[in-house]
1. Tell me, how many Å apart are the Cα centres for segment A:1-17 and for segment A:47-117?
2. Given a Förster radius of 56 Å and the C-beta distance between A:Lys316 and A:Leu31 as r, what FRET efficiency does 1/(1 + (r/R0)^6) yield to the nearest 0.05?
3. Using a/c under 1.5 as the rounded threshold, could you call segment B:400-511 rounded, prolate or oblate? The axes a ≥ b ≥ c are square roots of the C-alpha gyration tensor eigenvalues, and prolate needs a/b larger than b/c, oblate otherwise.
4. At a Förster radius of 35 Å, what calculated FRET efficiency corresponds to the Cβ-Cβ distance of B:Thr311 and B:Thr359, to the nearest 0.05?
5. Give me a single rounded figure for A:19-28: the average over its residues of other chain Cβ atoms within 10 Å of their Cβ.
6. Rounded to the nearest 500, what is chain A's calculated 222 nm mean residue ellipticity when only DSSP H runs of at least 4 contribute -39500 (n - 2.57) each, over all residues?
7. Using a Cα-Cα cut-off of under 15 Å, which aspartates and glutamates could be cross-linked to A:Lys84, ignoring same-chain neighbours fewer than 8 residues away?
8. What does the C-alpha gyration tensor say about the overall shape of segment A:169-318? Classify as rounded when a/c is under 1.5, otherwise prolate if a/b is larger than b/c, or oblate.
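Derivation of every value follows stated rules applied to the coordinates shown; laboratory data play no part. All of these numbers come straight from a predicted model, not from anything done at the bench. Counting neighbours? That spans all protein chains shown, and the Cβs are built from the backbone with ideal geometry, glycine included.
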Amino acid sequence: MNIENGELITILGPSGCGKSTLLRCIAGITLPDSGEITINGILFSSGRKNSFIPAEKRNIGFVFQNYALWPHKNIFENVAYPLKLKKIKKAELKRRVGQMLEMVRLEGSENKYPHQLSGGEQQRVAFARALATNPQLLLLDEPLSNLDAKLREQMQNEIKNIQREFGITTVHVTHDQSEALSMSDRIAIMDNGRIMQIDTPFKIYSNPSNEFVANFIGKTNFIYSDDNIFGSGIQDYYAKSKNVYFSIRPEDLTVSSKTGEESGVVKSVKYKGDSIEYTVNINGKDIFVKTGKNDFFEIGQRVFLNLKKEALSALKCS
Amino acid sequence: MPYIFGSKGKTHLKNSGVNKGITRITGNSSFIFIISALMIVFLIVYPSSILILESFGISKGNFENFGFSSYVSIFKNIHTFNAVKNTLIIGAGTTLFALTLGVFLAFLVCRTDFPLKKYVNWMVFMSFVIPHYILGISWIEMFGRNGYFNRIFVYVTGQNTRPFSAYSVISVVIVLGLHLYPIVFMAVSNAIRKGDHSLEEAASISGATRFKVFRDITLPLIMPTVLSIGLFVFSRSIANFGVSALLLVPIYEETLTTRVFYALNDLDLRGASSVSIVLVSISGLVFLIQYFLTKNKNYSSINSNEKNTNTISLGKLKYPLTVFTVLFLFCGSVLPVVSIFASSFLKRWGLPFTFENLTLKNYTDIFTNPKTFNAFSNSIVYGLIASAMAITASLMIVRMTMRSKSRGVKILSFFSSMPMAIPNTVLAIAAILAWNGPPFELYSTPWILIVTFAALFMPICMKNIAGLMEQIDPKLVEAARISGADGFGAMKDIILPMVFPGIKSALIISLLISLREIPISMMLHSSGTETVGVLLFDMRSNSGSYETTSAIAVIIIALCFLGRLFTEKGKKRRKYGKLSERNMQKIRKHSGAERRQFEY
């Protein structure tokens, strides 16, 4: 796995897949069993050569899931601590902390203690602390998971802005796919300690490289050759190779009550506000379809489905 | 409808926010309030007030002798001055010793790759279970003139000098320190384990070396725990009577507690009560400081389910440290038991260990001698009645504190935990003053012991029951009410079963205390009402018969061990399924209360 300078890469995977462990290995809190970690050409940890640079010598910023603000230090001291350890002079240290707190819009809270701040504010302090020493790498361990939905969206933008402004290479771990899609330059999908695919969010969504990725990001329909549906639409692919199956996103299908490639019966309806999700049964196979907010069909009604061919993605059978 | 804990009272309690005060609690809840208030006044408030009055020369409404003369004489008396000095030295020394040992071991077990963690836990548990008086006896058996170490010395060197002496202030400090360090160990390891590891990780990512992480993060975070447990150890060690009586009185040294005891022996009630007040003032002050410390600084964290990966490698120090620790713990907790156990089989203390000198007679005597049998049954019966009283009162008071924040209830719960700050000797003096004449003549009946034990057990029962009661989500009771249970039914079917483990451990701990308690028993017993404590104390001081004392001690140690195992087991079963985050926080808040069960 290679991370480019200045990019924000998100590691996404189900809980327990090893994404936090990976982050902790990069930070130097956890000792990896094998493999090598190199940052800016310097070998940080190598199982083979038995070398390991401890966390305190790596100059990395880390934002914890629970922020890990020290409860016995006030906000100023929390942000100043990493600088103090670098033996930075008092005046410079003060200026730098002020600058950091200004960046996260918390100037004036220097003398407060962590428990006097709200969750969002605590998180911003954690960011200020992580960035205070101008680290070469910023690691984020699910920093948004403790916030409520509105605040989370706001913080997503803010993190992205800060990251762009500093141009700092960032590794972000999350299990929230919409967060991953909206924030990242690239996404790495992880399962069971293995990286399944690394790509831009667009490619991950529209062109998943295997079933796990297709299934993990968004909803999808898998169509196999023996399902015998949408035959005309996917004929070209079968001509090239018989050994494939297809993933079709629900929004890449259109529904109409009059004509279409395949016909089926509406089995269930989920009204979502900005869209409506239908389950349509075609020859005994359930297909998920997402329509516009005004396309009303009733349960039991016969409908016709059409396929946007350019949206098809083929997966190799394993 | 028997609305004993019923909703009628509850609505009143809620309204009472407007007009705070005792009189506002009306309806059936006021019935509960009056009963428990009467119990607390009878058990705690009345005796302590009489004690205070007596120290100012006011007895039985007679103001003629009013004055500060007894206080003045305290400070003129060189013996009392000496006693204060010894008490403070013992308090400070024991605290220092117990803190050093406890914190060191806690770090070793929780934070390093020390190999024998499990055994350390067991040995700590063992020294915790042995009553300090018995530890003191084994100390004499080991280091006394005729003790094992002196005999070994004579045997090995062939000289006829005996270098070890069991009696000194330092001995008291060591014995009490060995008895109290487990409390420090448990509290500090709890704090370390529950601490949030990401706080330390954040520091090392910030660039802190391992030493700086310890100095800047770990230590400040556990400091509140260390301070408050240190104050607790201090107040326990100045309240101790048994060990001082064992190891200081023979060399004509005194502490405040022994001073109270011997003032009473000289029938100087007024002197005894004024020394008592000095003693209570010191320990009251300590408890006050502790209260404010724990109130303001609580760093317990919410997210701490991550496994501790911060194990520090001991490196080259590993084996020296292991050997040192094991040796130390062996001497501190295994040797005393071995010495007591060995002595209990000797025909006569001081005889060499040969086969013909061994006997089981010391044990058979305990069961055949009516005096010893009587002492055991007295201890158990008094303990049972007293703990029943204390548990009933605690149940009522804890339930009231949960539903009402009225001032009356707060005062009640304050007074019920007050005996925690009062040394047993002082409780006994207060009892003598309060119950030796009209209107309550309990002196020379078993009831004076029972009533004083009940006061002694009150804080223990309160803590054990409150800890569990506060875990109960009020919604559980509300759900029972909605399902159709009346107030009494909800109490019986929901609350009681859920706090039952707390009641059980309160009962066991109380019984164990009544089996080994010495000052109250010594000062309040009369012929026929002797308890095990009296037996232990008298037997040793009258005849110096360490072999019979040892046999009794072995039985007490065994009982304490069984009781402890039982309560530990109960603790594990206390968790009822998944608890909400709010309740988890409450439990964490009270996990500090665990150590308060280790009363006495």
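1. Distance between centres, Cα-based: 23 Å.
2. 0.95
3. The shape class here is prolate.
4. 0.10
5. Going residue by residue through A:19-28 and averaging, the value is 1.
6. -9000 deg cm²/dmol
7. A:Glu56, A:Glu92, B:Asp216
8. Oblate, because a/c is 1.5 or more while a/b does not exceed b/c.
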